Each structure stands twice: as C-alpha cells, then as structure tokens.
Ligand SMILES: C[S@@+](CC[C@H](N)C(=O)[O-])C[C@H]1O[C@@H](n2cnc3c(N)ncnc32)[C@H](O)[C@@H]1O
C-alpha cells in the first residue's frame, strides 16, 4: 500500500520544487522536508567543520556574501548573531531569491537581504560588520582584488574566506591566479573564473588591509595533486579556508 504523505509535507515539497532556480544547500524546512539529499548534507557538515566558524556569535553582526539560498546566513542567526545581512547577485538574478525567501519564511528568520554584487560593496551601501563570510565566491569574480578591498572596508573584526586554491606543479610560493573567462561566458558555466595560490591569498588579504591571515584548512592530497600537475602539465586545485583579522579574536 502506498504511504501517503501528509498534505503539509506534500504542499511544501511542491513549493520547494517550483522555485525558479535550484537549491544549493541542505536546509531543513520542517515538516520532514530538507532541500538537498544526505550526500550534500554530509558535504556541508564537513565544510562547516573545516571553516571553524565561531560557535557563539551573540551580539555580532554578520555579512554573508554570495548567500544564495541562505544556508550559512540562517546558521549565523542560529548561533546568536544580532544582525545578519545576506547579499547575492548572480544566483538571485536567476531566481535563487525564491529559495532564500522560502527558507526565510519557513525558519521564521530575521535575516536581512539585499541584492548586491560584491564589486559594488561599500561601507556607504551596507555599513560595517563584525564578521564577514565569503565562501565559494572569490573564484567567480572578474575583479578579485577589488572585491577583497571592498570586503576589507566593511569588515570590523574577522573575514572567513573559503575558496578553491591553485596547486601548480612548481612555483606554488608565487602569488599567482588563474583566469578563465568562465562566469562571464555562460556557454562555459563550469569554468571557475580565477583561483589563486595560497601565496596570492596571503599577499592579497594583507594588501587589502587585514592585519593577520591564518590558513585554517589547505587543500587535501596536496603532494599527490602537485605530482599530478607535474605529470599532466596542468595545475590542480583544492579547497582552502582562511581567517583574516582586522583586530583581536572574535
Ligand atoms: C558556489 S555559490 C556559494 C554559495 C555559498 N556561499 C556557499 O559557500 O555554499 C556562489 C555564490 O556566489 C554568488 N556570486 C557570484 N558572483 C557574485 C558577485 N559578484 N557578487 C555577489 N555574489 C556573487 C552566486 O550568485 C552564488 O550564490
């Protein structure tokens, strides 16, 4: 006999399925509905561990750049942040704002949102934030250094940045970055526009005005990837997490 789903679950599933853009993150909307499956949920749980986001954000203001469906924004609110602002451009323009707004409604969240490109971010437009979160965005950008300058201008204490990093066979200690005109050319959407060596990140964040730059996680299988890069004559990449500080620890 078919197990009938309760009407509330069925109705919510329909709403989740009818957003104009796809869901990126595993958000538990209640009534038995999670927006992505267990494999994605495991990936996000691992990312969250590696990012070392402060467990207690009470009294802090947080800016989430490239928030998409708001997974991390809602998490910052859950951790006690007094104000969270989510910003995004591309995904929201494609209809991803539907996902964010549905999740916000279901979670009865007070997270604020503003459609904004990080290239246009400024203290005048959004103010300053204790913590700025910038995950999975740097490698999409046309002007990464401009973005880091803008981010520095709105960060009071801590920037948490997660990105793909470049692993060349040699010269990894040079501040280098790739350029693929990926996000600018929708025919090749799988191409990430630019990813930097760890040395580039260190230099760029320091140059943008951060006093302390600490790598919390560097790419896994580093030496294996370097070897692959050497024998295939093609640089490799891997995720990294960096905390950059303006003032004392959060
Ligand atoms: C790979 S997703 C990362 C989403 C989420 N931050 C995470 O880490 O899971 C990249 C996000 O960055 C946004 N994005 C890309 N370029 C942007 C820009 N110039 N300004 C603001 N957001 C941007 C995209 O719309 C998308 O939501």
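Among the helices (runs of 4 or more DSSP H) confined wholly to segment 5-119, which include 3 or more residues that are at negative phi, within 16 Å of the ligand (Cβ to nearest atom) and in contact (Cβ under 8 Å) with a residue 12 or more places away in the chain?
Values: elements: 7-17, 38-51, 71-78, 97-106.
The qualifying helices (runs of 4 or more DSSP H) are 38-51, 71-78, 97-106.
Which of the following residues is surrounded by fewer than 18 Cβ atoms within 10 Å (Cβ to Cβ) and either modelled with pLDDT under 95 or touching a strand residue (DSSP E or B) at 6+ places or on another chain (Cβ under 8 Å) (or both): 83, 106, 79, 123? Before you say what the answer is, go through the steps one by one.
Details: 106 fails: surrounded by fewer than 18 Cβ atoms within 10 Å (Cβ to Cβ); 79 fails: either modelled with pLDDT under 95 or touching a strand residue (DSSP E or B) at 6+ places or on another chain (Cβ under 8 Å) (or both); 123 fails: either modelled with pLDDT under 95 or touching a strand residue (DSSP E or B) at 6+ places or on another chain (Cβ under 8 Å) (or both).
The unique qualifying residue is 83.
Taking helices (runs of 4 or more DSSP H) that fall entirely within segment 135-250, which contain at least 3 residues that are in contact with a helix residue (DSSP H, G or I) (Cβ under 9 Å, 6 or more places away or on another chain) and either within 16 Å of the ligand (Cβ to nearest atom) or modelled with pLDDT of 95 or more (or both)? Can you show your working first?
On the way: elements: 144-154, 198-207, 222-232.
The qualifying helices (runs of 4 or more DSSP H) are 144-154, 198-207.
Restricting to segment 201-220, name every residue that is surrounded by fewer than 20 Cβ atoms within 10 Å (Cβ to Cβ), in contact with a strand residue (DSSP E or B) (Cβ under 7 Å, 6 or more places away or on another chain) and either farther than 24 Å from residue 143 by Cβ or in contact (Cβ under 8 Å) with a residue 24 or more places away in the chain (or both).
202, 211, 212, 213, 214, 215, 216, 217, 218, 219, 220
Within segment 120-134, which residues are in a strand (DSSP E or B), more than 9 Å from the ligand (Cβ to nearest atom) and over 13 Å from residue 209 (Cβ atoms)?
Correct list: 129, 130, 131.
The values are calculated or read from the model by the stated rules, or taken from the named source; none is laboratory data. In this text the structure is predicted, and so the values were computed from the model without any measurement. Here Cβ is always computed from backbone atoms with ideal geometry, including for glycine, and neighbour counts include all displayed protein chains.
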